[in-house]
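The values are calculated or read from the model by the stated rules, or taken from the named source; none is laboratory data. As the structure is a computational prediction, the values presented were derived from the model and not from experiment. Cβ coordinates were reconstructed from backbone atoms using ideal geometry, including for glycine residues, and neighbour counts include every protein chain displayed. Please note that ligands, DNA and RNA were not included when accessible areas were found on the heavy atoms of the full protein model with its side chains. Shrake-Rupley method; radii C 1.70, N 1.55, O 1.52, S 1.80 Å.
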Amino acid sequence: MTKTAKRIQAWNVDVNKSYGLTEALGVVKANAKAKFDETVEISINLGVDPRHADQQVRGVVNLPSGTGKDVRVAVFAKDKKAEEALAAGAEVVGAEDLVEKIMGGFMDFDRVIASPDMMALVGRLGKVLGPRGLMPNPKVGTVTPNVAQAVKDAKGGAVEFRVEKAGIVHVGVGKVSFTTEALELNVKALVDALVKARPSGAKGMYVKKIALSSTMGPGVKVDTASAS
C-alpha cells in the first residue's frame, strides 16, 4: 500500500483542467511510472443510449501507428483459406478441430477471424467467445472471405470499438514508449472513426468527454475539440 501511495503522490496532473491533446499525451507519458511499457488508454463518453437499437456504436479502426501489442490471431478456415491465414501470420488455424480445442479450454488468442462458410461451426462457441468479446462479426471485419487481409489488419493495428452500457468507449491507443506524435495520430484516427460511426438515433452533442490515462497512471481530461 505504501508503494502505491507514493506513486499516486508523485502524479502531476491538474484534475480540473481540460488539456489540449498534445499536452494531455505529454502529461500521460510523464506520469507513467510503472516498470513496464504501459498501455495508453482512452475513454470517450458519447451522447448515446446503447439500450436503444438505433444508438449502438460499433466498428473497427486501423491505428496508423499500430498498437504496440503482439496480437495473437485464431482463424476458422479450411483448405486454401487456411493456408492463406497461416501465411499471413495467424497463430492457430482450424475448423472442427479448433472448435473442440476451444471447448476444451484453449483460449491462447486475442482475436478470432472466420471465413463466412465457417460461421455455422463457430456458432457453437457463442457462449464461450461471446462474453469475451471474441465472437467473429462481419460488422467489424472478422467474418470475411479475405481471411489473410483480416489477419494482417489485426496484427498491423486494427482495433475494435464498442460502446458500453454507460455510453463510453474504451480503447488502447498505443504504448507510453510511442512518441507523442504517434499517439496523437492514433487518437485522432479513433475519434474520426467514432464520428463516422455516429448512429442515426444520436441527438445533440455526440463526443461529450474524453480522458486519457496509462495503465497505472491518472486520468487526464482532454479538450474534445483538440482530438478531432
(request) At 7 Å along the Cα-to-beta-carbon direction for both S228 and F106, put a label point, then send me their distance in nm to one decimal. (result) 4.7 nm
(request) Multiply the residue separation of K69 and F36 by 0.36 nm, subtract the distance between their alpha-carbon atoms, and state the gained length in nm to one decimal. (result) 10.6 nm
(message) Placing unit charges on C-beta atoms (Lys and Arg positive, Asp and Glu negative, everything else neutral), compute the dipole magnitude of the chain about its Cα centre in debye, rounded to 20.
(response) 720 debye
(request) Please label the shape of the chain as rounded, prolate or oblate, based on the square roots a ≥ b ≥ c of the eigenvalues of the alpha-carbon gyration tensor (a/c under 1.5 means rounded; beyond that, a/b larger than b/c means prolate, else oblate). (result) prolate
(message) Given axes a ≥ b ≥ c from the Cα gyration tensor, I'd like to know whether the stretch 27-127 is rounded (a/c under 1.5), prolate (a/b larger than b/c) or oblate.
(response) oblate
(message) Could you compute how much accessible surface F76 exposes when probed at 1.4 Å, giving the result in Å² to the nearest 10?
(response) 0 Å²
(message) Using a probe radius of 1.4 Å on heavy atoms only, what accessible surface per residue do you get for the chain? Whole Å² is fine.
(response) 52 Å²
(message) Rolling a 1.4 angstrom probe over the protein chains, ignoring ligands and nucleic acids, what is the accessible area of Y206 in square angstrom, nearest 10?
(response) 10 Å²
(message) With the crude spin-label approximation of a point 7 Å out along Cα→Cβ, what separation in nm comes out for S18 versus D117?
(response) 5.3 nm
(message) I need the trypsin sites (Lys or Arg not before Pro) found in the stretch 30-69, filtered to DSSP loop residues with at most 13 other beta carbons within 10 Å of theirs.
(response) K35, R51
(request) Whenever you get a sec, compute what percent of the accessible area on the chain sits on carbon and sulfur atoms (1.4 Å probe). (result) 52 percent
(request) State the extension gain, in nm to one decimal, for the chain segment bounded by N146 and E83, taking 0.36 nm per residue of separation less the distance between their alpha-carbons. (result) 21.5 nm
(request) Treating cross-link reach as a plain straight distance, find the lysines whose alpha-carbon is under 19 Å from the alpha-carbon of K209, omitting any fewer than eight places away in the same chain. (result) K17, K165, K188, K196, K221
(request) Please name whichever of T39, H52, N146 sits farthest to the positive end of the charge dipole of the chain, dipole taken about the Cα centre and charges placed at Cβ: Lys and Arg +1, Asp and Glu -1. (result) H52
